[in-house]
Structures are given as structure tokens and as C-alpha cells.
Ligand code: 5GP
Ligand code: MG
């Protein structure tokens, strides 16, 4: 019988291959590459927002780790808030149907807003987020997404900061889940059918 998640106790979130709900995943982007890239994005954002005080809007749940790491790479004053959308549930394919489960608390009128997402797939979620945030009339509105499945994206979006463009396959780790598991993995893992 396959274990719920991974195999070696203690190495749980550092293995090359892990099992999540009995499905096999392998490392796509190593922990080291993840952190290097986040630091690069942080430097670029810090340069671009010199003299401003951006507010990061993290998209729950998936972006919580990325936004935490990214924020610590920023050398400008910055604030944070969160919103939450309906998710895939346990499915691995986007439904295209999006609704808001938690709104932002901050007043972003006249603010420099950076929406921080874990992954852009079809782009429906991000379009929905940008449309709803525009109503508050922020001074500027930019997107930072850690991953982008560019082949799957059907919505025309301006993505100012992208960590990695990845193939159109399901991934977990670094905040991204499969049926709520796998978020604690330090690398990005891609589905990998049994050899
Ligand atoms: P979109 O609306 O762009 O199709 O989907 C965006 C949301 O779907 C992401 O914020 C993420 O929560 C979820 N998602 C898309 N692709 C993946 C994936 O490969 N793995 C996981 N865990 N979630 C994904
Ligand atoms: Mg997300």
C-alpha cells in the first residue's frame, strides 16, 4: 500500500519522488532553484517600486508560502493582505467558474497593488481578481505569479513578474496542493505516472 505522502520519515519534504493521495509526483523545480528565483523576483520588485509602498495581495491558499518568501526579499516598505477564491476542490482541472470566498480588508484606493499568485493556469481566476480589484481604483495593479502554465492560458493577461513557465501538467509543492496535501513540499513536483 502506498503511503499518503512520501516515504522516508524526516525527509518527507525533500524527496525526489513523493506520493500524494496515492499518486506519484517527481521534482520539477528544486528547492534551491525556487529560492533563487524568488530572490530575483524580490530584487526586481524592490527596484521597480523604489520610493513607493506596495501592498501585496496574496491569493489564498496556494500563494501563502510564495508571498511570505517574496515579501522577505523586498527591500522597500510594503504591506500585505489576502483574498480567497473558490478552488478546484479535489479536481485537477480548472472549472473556469470562480467566486470570492474572502475579500480584502485593506483600503487599496490609490495604492500600488501587487497580486501574488501561486500559479496561472487558464487565467480565469486572475482575470476575475483584477476586475474586482480595479473597482477600488488602485494607483497601479500588477501581477506576480510564481508559476505560469502558458500553454493553458486562454485569457490575455499582463504578467509583470513570473517565476517559471511550466508545462501544462498538474504540479504540487511550495504552497500548491493536491486535495489539500503537498503544500509543505519545498520543491515543485509534477505528476509522474508510474514508470
Ligand atoms: P486558473 O483560473 O488560472 O485556471 O487557475 C488558477 C488556480 O488554479 C490557481 O490559483 C491554483 O489554485 C489552481 N491551479 C492551477 N493549476 C494548478 C496545478 O497544477 N496545481 C495546483 N495544485 N493548483 C493549480
Ligand atoms: Mg491559486
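Things to note:
- Theoretical FRET efficiency, 1/(1+(r/R0)^6), r = Cβ-Cβ of residue 137 and residue 60, R0 25 Å, to 0.05: 0.60
- Here 16, 117 are placed in order of increasing Cβ neighbour count within 10 Å, fewest first, which gives 16, 117.
- Helix 31-48 and the long axis of the chain differ in direction by around 10°, with both axes built from C-alpha atoms.
- Legend: ranking of residues 111, 103 from fewest to most surrounding C-beta atoms inside 10 Å; resulting order 103, 111.
- Helix 124-134 axis, angle to the chain major axis (alpha carbon atoms, nearest 10°): 20 degrees
- Here the label points at residue 32 and residue 151, each 7 Å from Cα along the C-beta direction, are separated by 2.8 nm in the simple model.
- Label zone (residue 194, point 7 Å along Cα-to-C-beta; backbone nitrogen cut-off 16 Å) within the stretch 19-36: 19-26.
- Residue-span extension gain [residue 181 to residue 50] - 0.36 nm each, minus C-alpha spacing: 43.4 nm
- Rg/Rh for the stretch 9-75, where both radii come from Cα atoms and Rh is the Kirkwood radius: 1.09
- Fraction of beta bridges assigned by DSSP in the chain that are antiparallel (%, nearest 5): 40 percent
- Sorted into 5 angstrom bins from 0, the C-alpha pair distances of the chain split as 1, 7, 17, 20, 19, 16, 10, 5, 3, 1, 0, 0 percent.
- Taking each residue as 0.36 nm, the span from residue 72 to residue 165 lengthens on full extension beyond its C-alpha to C-alpha distance by 31.2 nm.
- Relative contact order of the chain: 25 percent, from C-alpha pairs under 8 Å at least 6 residues apart in sequence.
- Each of 128, 25 was scored by other Cβ atoms within 10 Å of its Cβ. Listed from fewest to most, they are 128, 25.
- Calculated [θ] (222 nm, deg cm²/dmol) that DSSP helices of n ≥ 4 give over the chain, each run adding -39,500 (n - 2.57): -6000 deg cm²/dmol
- Note on residue 80 and residue 158: their simple-model spin labels are 2.7 nm apart, each label 7 Å out from Cα toward Cβ.
A short reminder: the numbers here are calculations on the coordinates, not readings from a lab. These figures come from a predicted structure and were not determined experimentally. Ideal geometry is used to build each Cβ from the backbone, glycine not excepted, and the neighbour counts take in all protein chains shown.
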